[in-house]
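Reviewing the structure listed below.
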Amino acid sequence: MKNKINDLQEFIDKQRDSVKKKVRQKAISRTESNLILNGRSIEEISDDDLEHLIADEEDKIWQTMKTSGVAAIAAIFGIAWF
(Lines give C-alpha, C1' and ligand atoms only; values in the text may rest on other atoms or scores of the structure.)
Protein backbone atom coordinates (compact mmCIF):
# COMPACT_ATOMS: atom_id res chain seq x y z
CA MET A 1 0.00 0.00 0.00
CA LYS A 2 2.79 2.41 0.89
CA ASN A 3 4.43 1.71 -2.48
CA LYS A 4 1.22 2.65 -4.32
CA ILE A 5 1.01 5.89 -2.36
CA ASN A 6 4.62 6.72 -3.23
CA ASP A 7 4.00 5.92 -6.91
CA LEU A 8 0.94 8.14 -6.95
CA GLN A 9 2.81 10.97 -5.24
CA GLU A 10 5.64 10.75 -7.78
CA PHE A 11 3.08 10.88 -10.61
CA ILE A 12 1.43 13.96 -9.09
CA ASP A 13 4.77 15.71 -8.55
CA LYS A 14 5.63 15.34 -12.23
CA GLN A 15 2.47 17.15 -13.39
CA ARG A 16 2.35 20.82 -14.34
CA ASP A 17 0.81 23.37 -12.03
CA SER A 18 -2.02 24.03 -14.48
CA VAL A 19 -3.04 20.36 -14.37
CA LYS A 20 -2.81 20.35 -10.58
CA LYS A 21 -5.12 23.39 -10.43
CA LYS A 22 -7.65 21.75 -12.74
CA VAL A 23 -7.62 18.58 -10.64
CA ARG A 24 -8.13 20.65 -7.49
CA GLN A 25 -11.07 22.53 -9.05
CA LYS A 26 -12.62 19.26 -10.25
CA ALA A 27 -12.23 17.79 -6.75
CA ILE A 28 -13.92 20.82 -5.21
CA SER A 29 -16.78 20.53 -7.70
CA ARG A 30 -17.23 16.82 -7.03
CA THR A 31 -17.15 17.39 -3.27
CA GLU A 32 -19.83 20.06 -3.52
CA SER A 33 -21.97 17.73 -5.65
CA ASN A 34 -21.52 14.86 -3.20
CA LEU A 35 -22.52 17.07 -0.28
CA ILE A 36 -25.65 18.23 -2.11
CA LEU A 37 -26.58 14.65 -3.00
CA ASN A 38 -26.24 13.74 0.66
CA GLY A 39 -28.43 16.64 1.79
CA ARG A 40 -25.60 18.67 3.33
CA SER A 41 -24.25 22.12 2.61
CA ILE A 42 -20.67 23.36 2.71
CA GLU A 43 -21.53 25.61 5.64
CA GLU A 44 -22.43 22.55 7.75
CA ILE A 45 -18.97 21.01 7.29
CA SER A 46 -15.93 22.20 9.24
CA ASP A 47 -12.98 23.51 7.25
CA ASP A 48 -10.84 20.54 8.29
CA ASP A 49 -13.48 18.04 7.23
CA LEU A 50 -14.05 19.86 3.96
CA GLU A 51 -10.32 19.84 3.21
CA HIS A 52 -10.23 16.10 3.93
CA LEU A 53 -13.17 15.44 1.59
CA ILE A 54 -11.58 17.49 -1.18
CA ALA A 55 -8.24 15.71 -0.71
CA ASP A 56 -10.01 12.34 -1.01
CA GLU A 57 -11.61 13.43 -4.29
CA GLU A 58 -8.24 14.68 -5.56
CA ASP A 59 -6.68 11.30 -4.78
CA LYS A 60 -9.44 9.55 -6.71
CA ILE A 61 -8.90 11.80 -9.73
CA TRP A 62 -5.11 11.36 -9.67
CA GLN A 63 -5.49 7.59 -9.36
CA THR A 64 -7.84 7.56 -12.35
CA MET A 65 -5.41 9.67 -14.36
CA LYS A 66 -2.51 7.42 -13.47
CA THR A 67 -4.25 4.18 -14.37
CA SER A 68 -6.29 5.39 -17.34
CA GLY A 69 -5.45 6.54 -20.81
CA VAL A 70 -5.61 9.93 -22.42
CA ALA A 71 -9.32 9.56 -23.22
CA ALA A 72 -10.18 9.07 -19.55
CA ILE A 73 -8.14 12.12 -18.61
CA ALA A 74 -9.93 14.15 -21.26
CA ALA A 75 -13.27 12.94 -19.92
CA ILE A 76 -12.37 14.07 -16.41
CA PHE A 77 -11.77 17.59 -17.65
CA GLY A 78 -14.68 17.56 -20.08
CA ILE A 79 -12.55 17.80 -23.18
CA ALA A 80 -14.38 16.68 -26.31
CA TRP A 81 -12.60 14.83 -29.09
CA PHE A 82 -13.81 15.62 -32.58
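The values are calculated or read from the model by the stated rules, or taken from the named source; none is laboratory data. Owing to the predicted nature of the structure, the values given are computational and were not obtained by experimental measurement. Heads up, the Cβs are rebuilt from the backbone with ideal geometry, glycines too, and the neighbour counts pull from every protein chain shown.
Considering only segment 44-82, state which residues are surrounded by fewer than 10 Cβ atoms within 10 Å (Cβ to Cβ) and either β-branched (Val, Ile, Thr) or modelled with pLDDT of 90 or more (or both).
Ser46, Asp47, Asp48 - these are the residues of segment 44-82 that are surrounded by fewer than 10 Cβ atoms within 10 Å (Cβ to Cβ) and either β-branched (Val, Ile, Thr) or modelled with pLDDT of 90 or more (or both).
Listed here are the residues, each with its yes/no results for (1) within 14 Å of Asp59 (Cα to Cα); (2) modelled with pLDDT under 80; (3) aliphatic (A, V, I, L, M); (4) assigned to a helix (DSSP H, G or I).
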position: Ile5; (1), (2), (3), (4): yes, yes, yes, yes
position: Glu10; (1), (2), (3), (4): yes, yes, no, yes
position: Lys20; (1), (2), (3), (4): yes, no, no, yes
position: Gln25; (1), (2), (3), (4): yes, no, no, yes
position: Ile28; (1), (2), (3), (4): yes, no, yes, yes
position: Thr31; (1), (2), (3), (4): yes, no, no, yes
position: Ile36; (1), (2), (3), (4): no, no, yes, yes
position: Gly39; (1), (2), (3), (4): no, no, no, no
